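What follows draws every value from the coordinates through simple rules; no lab data is involved. Quick caveat: nothing in here was measured; it's all calculated off a predicted structure. Backbone-built Cβ (ideal geometry, glycine too); neighbour counts: all protein chains shown.
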Amino acid sequence: MSTLVQTLFNGLALGSVYALIALGFTLVHKASGAVNFAHGSLLLLGGYLVAELHSVLGFVGAVAAGAAGAAAAAMLEALVLRRVRHSGVAVPTILTIGVDVLLFTELARRIGGEVLGTGDPWGAKVASFAGITVAQARLASLLVALCLVAAFLAAFRWTRWGLAMRASALDQEAAALMGVRGERLRLGAWALAGCLATVAAVFLTAFPSPGLDRTTGQIALAAFPAAVVGGLGSVAGALLGSLVIGLAQAAAAGYQQQVSALGNGVADIAPYAVMVLVLMVRPQGLLGSKELTRV
């Protein structure tokens, strides 16, 4: 029973961090229609900036790193992707793959073989309750993610920005005629996605993880199935998909011995296995909607 409770909590904590990353994928897709495959490198960049700045500026450095991560994502949209916006959604999506390769190569060169600490205040502290032991960093990640997601959902539902985002996602031309500034909206979506990725990087590299290394950005690839499973472009779907993927990956890791016949590393492929199974049954995702095309 304790193993089940431990697994459920680990799944919720992991899913909450995946939700921050999946929301970044969803925001960019809703604002521009493209899929940002450079999101993992932006996450790695944000984590690297936190690791470099926290030792000098402390908490202020972490805040500055979040702002820098948002600025880097906004600059990517403004200086690179905006130039090909009228070429359809395929060209910007492919372009993000090239940006991902360039950015990851430079960050990997800078990090090298080191494992960097992000200076999180929880360290290796653990808490025990209900017969299970959990890292305080995972408790913090769950609480912070809940607060950020709640604030995002409130803004998305009740602010003019949220209304503009929903209107633009439905029909960009009609939204523009009603006064929605598409360029500003896309810039804000990319900036918010970059900031959320930086926050996610802090919790992904906190204990029990050893820290930030050159492969940390690849973890964002596990959050992409979460966005797809929920329905790419659906905010509620991103949250549901993150929960499903987090629980699946935690279950695969927690019950590794019981599924040893499948080989080692089952937890690494669990997100993609779930994605394939869901898409075979519901190609649009759990909460996604089918697109209608007039021919």
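Per-residue Karplus couplings for the stretch 164-169, computed as 6.51 cos²θ - 1.76 cosθ + 1.60 with θ equal to phi - 60°, are listed in order as 5, 5, 5, 5, 5, 5 Hz, Gly and Pro entered as x. When the convex hull of its Cα atoms is viewed from all sides, the stretch 100-172 shows a mean projected area of 9.4 nm².
The angle separating the long axis of helix 59-79 from the principal Cα axis of greatest extent in the chain is about 40 degrees. Here the stretch 223-247 is scanned for amide nitrogen atoms under 19 Å from the site 7 Å beyond the Cα of residue 80 along Cα-to-Cβ, giving 224. Sparsely packed loop sites in the stretch 108-157 (the trypsin sites (Lys or Arg not before Pro) outside DSSP H, G, I, E and B with at most 12 other Cβ atoms within 10 Å) comprise 125. Size of the stretch 2-216 from its Cα atoms: along the principal axes, largest to smallest, the extents are 57, 39, 31 Å. Please label the shape of the stretch 85-127 as rounded, prolate or oblate, based on the square roots a ≥ b ≥ c of the eigenvalues of the alpha-carbon gyration tensor (a/c under 1.5 means rounded; beyond that, a/b larger than b/c means prolate, else oblate). Because a/c hits 1.5 or more and a/b fails to exceed b/c, the stretch 85-127 counts as oblate.
Give, in nm to one decimal, the length gained when the segment between residue 160 and residue 279 is fully stretched (0.36 nm per residue of separation minus the Cα-Cα distance).
Details: separation 119, 0.36 × 119 = 42.84 nm, distance 3.35 nm.
Separation in residues times 0.36 nm, less the Cα-Cα distance, equals 39.5 nm.
Could you work out which residue, out of 53, 142, 262, moves most in a Gaussian network model of the chain, that is, has the largest mean-square fluctuation with Cα springs under 10 Å? Highest fluctuation among the options: 262.
When the square roots of the Cα gyration tensor eigenvalues are ordered a ≥ b ≥ c, the ratio a/c for the stretch 234-295 is 1.5 or more and a/b exceeds b/c, which makes its shape prolate. Taking GluC sites (Glu not before Pro) in DSSP loop states with no more than 16 other Cβ atoms inside 10 Å as exposed sites, the chain has its longest site-free stretch at 115-290.
Taking other Cβ within 10 Å of each residue's Cβ, how do 165, 178, 280 sort, fewest first?
On the way: 165 23, 178 11, 280 8.
Arranged by neighbour count, lowest to highest, 165, 178, 280 become 280, 178, 165.
Placing +1 on the Cβ of every Lys and Arg and -1 on the Cβ of every Asp and Glu, with nothing else charged, gives the chain a dipole about its Cα centre of roughly 680 debye. Here the spin labels are modelled as points 7 Å beyond Cα on the Cα-Cβ line, and at residue 127 and residue 3 they lie 2.6 nm apart. Of all the options 174, 238, 140, the one that moves most in a Gaussian network model of the chain with Cα springs shorter than 10 angstrom is 174. Put in order of Cβ neighbour count within 10 Å, fewest first, the listed residues 39, 54, 86 become 86, 54, 39.
Taking square-rooted eigenvalues a ≥ b ≥ c of the alpha carbon gyration tensor, is the stretch 187-262 rounded, prolate or oblate, where a/c under 1.5 means rounded and, failing that, a/b exceeding b/c means prolate? All intermediate terms of the calculation are to be shown ahead of the outcome.
Numbers: a/c = 2.67, a/b = 1.32, b/c = 2.03.
It comes out oblate by the Cα gyration axes.
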